[in-house]
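Data first, discussion second: the structure below is written as structure tokens.
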Amino acid sequence: MKLKMLNRNGSRPNQKPHDIKRTVLRLSLVVLTLLSSGCPVTQSLPEQAAIQERTERRTECSYQLYVPSIYDDGRTWPLVVACHGTWPWDTAEYQMREWAKFAEYEGIIVAAPRLVSTEGGMPPPPEKQRKLQREDDTKILAVVSEIKRKYKIAEERVFLTGWSAGAFPILHSGLNHPDIFRALYVRQGNFDERFMDVPDDRLDKWQQIKVVFGKTDMLRDQTRGIIKWLRNQGMFVTEEEVAGFHRRIDPNHAWRFFEKVVKERPWIRIRTRTTDTSKPLTVRFAVDAIPKATKQKWFFGDGETSYEASPVHTYQTPGQYEIRLNVALEGDSKFSRTKILRVIRKWGPE
């Protein structure tokens, strides 16, 4: 192989003057093109990070975690928890393989815990299944808490999704903790009404839920059962029928739904906590909202009210109270939210 030597000015030996001028002109045009595009020559695309294998210490729950290579603490990041279906057709690893590349370029942190309540083919009796769902619920919450401690997560952008029998933990954990999971996305999910273990006072009708099912899917009737049950409870559900037979769906579909929720729906969360463990009947109230709350009126459920942003209220007797908040957000849009509050002798943070 012959090597072409160049002179110090970039020309080849014995190159004619008019050829040298033509070479310089071409190089100048390349430089001008790069400068006019606004893209520095040294700019590089992000590289995909490694999928991490983690174990949450308290519950010993193993999970896979993907954090984009461009992560930094300078801003908050969304978190998607992906629930796998029945082994061996679906696993935490399969869920992460679906999400990792997409999460890198969309800027999403994704966690896929290994779960025990996702047997869709021959699920256990209802009592045992509910116990397994509660076990997975403890794991999922512990994983979310651990990730929040280590990374800067946007509280208003934590979502729950999954496929097939992953619907069992999605519905259990998602519906029991609407203050944590802003929206749920179920892809062609298993369902049995006997497995539902969600008290009425935990349901939040403002929580956004989407259920997708295949036109010829073997779980079509079960998945439609999810929609029917949720709507019977007064929940807001978006449904979509797609072509195919129990196929996996691109994460893009779930993510676009989550983005739509964030863009079009305000996030309003009522927070309550005791101010003093020796005074369990005294409760402090606060509201988290995006857009920001500008005015509010609290109804404590015992006839008392307050216009303060974060009032402290003392109940005369223990009991169950329906809290209502009327709130105005930036832009002068007005909303109302309710929450059931149980006040007992030894009451702690919710």
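The values are calculated or read from the model by the stated rules, or taken from the named source; none is laboratory data. Everything numeric in this text was worked out from a predicted model, so none of it was measured. Because the Cβ atoms are built from the backbone with ideal geometry, glycine has one as well, and the counts that use them run over all protein chains shown.
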(message) Looking at the stretch 299-328, I want the residues that are on the phi < 0 side of the Ramachandran plot and have a partner that is in a loop (DSSP other than H, G, I, E, B) and small (Gly, Ala, Ser) with Cβ atoms under 8 Å, at least 6 apart or on another chain. Which pairs are those?
(response) Tyr321/Gly301; Glu322/Gly301; Ile323/Gly301; Arg324/Gly301
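From the list Asn252, Asn176, which one is on the phi < 0 side of the Ramachandran plot, buried (at least 17 other Cβ atoms within 10 Å of the Cβ) and in contact with an Asp or Glu (Cβ under 9 Å, 6 or more places away or on another chain)? Step through it out loud before you land on a result.
On the way: Asn252 fails: buried (at least 17 other Cβ atoms within 10 Å of the Cβ).
Testing whether each residue is on the phi < 0 side of the Ramachandran plot, buried (at least 17 other Cβ atoms within 10 Å of the Cβ) and in contact with an Asp or Glu (Cβ under 9 Å, 6 or more places away or on another chain) leaves just Asn176.
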(message) Can you tell me which residue is farthest from Ala183 (Cα to Cα) among those in the stretch 44-96 that are of a type in the set (A, V, I, L, M, F, W, C) and in a loop (DSSP other than H, G, I, E, B)?
(response) Leu45
(message) Tell me yes or no: at least one residue of the stretch 278-285 is surrounded by 18 or more Cβ atoms within 10 Å (Cβ to Cβ), under 24 Å from Phe236 (Cβ atoms) and in contact with a strand residue (DSSP E or B) (Cβ under 8 Å, 6 or more places away or on another chain).
(response) no
(request) Filter the stretch 202-220 down to residues that are surrounded by fewer than 19 Cβ atoms within 10 Å (Cβ to Cβ), out of contact with any Leu (no Cβ under 9 Å at 6 or more places or on another chain) and not in a loop (DSSP other than H, G, I, E, B), then give me how many there are. (result) 1
(request) Tell me, please, whether a residue that is modelled with pLDDT of 95 or more, among the acidic types (Asp, Glu) and farther than 30 Å from Thr272 by Cα can be found in the stretch 182-200. (result) yes
(request) Would you confirm whether any residue within the stretch 199-209 is over 30 Å from Gly319 (Cβ atoms), in the same structural domain as Thr118 (by TED's automatic domain parsing) and not basic (Lys, Arg)? (result) yes
(message) Can you report the number of residues in the stretch 237-265 which are closer than 14 Å to Val186 by Cβ and part of a loop (DSSP other than H, G, I, E, B)?
(response) 3
(request) Go through the stretch 104-146 and count every residue that is at pLDDT below 95 and farther than 23 Å from Ala254 by Cβ. (result) 3
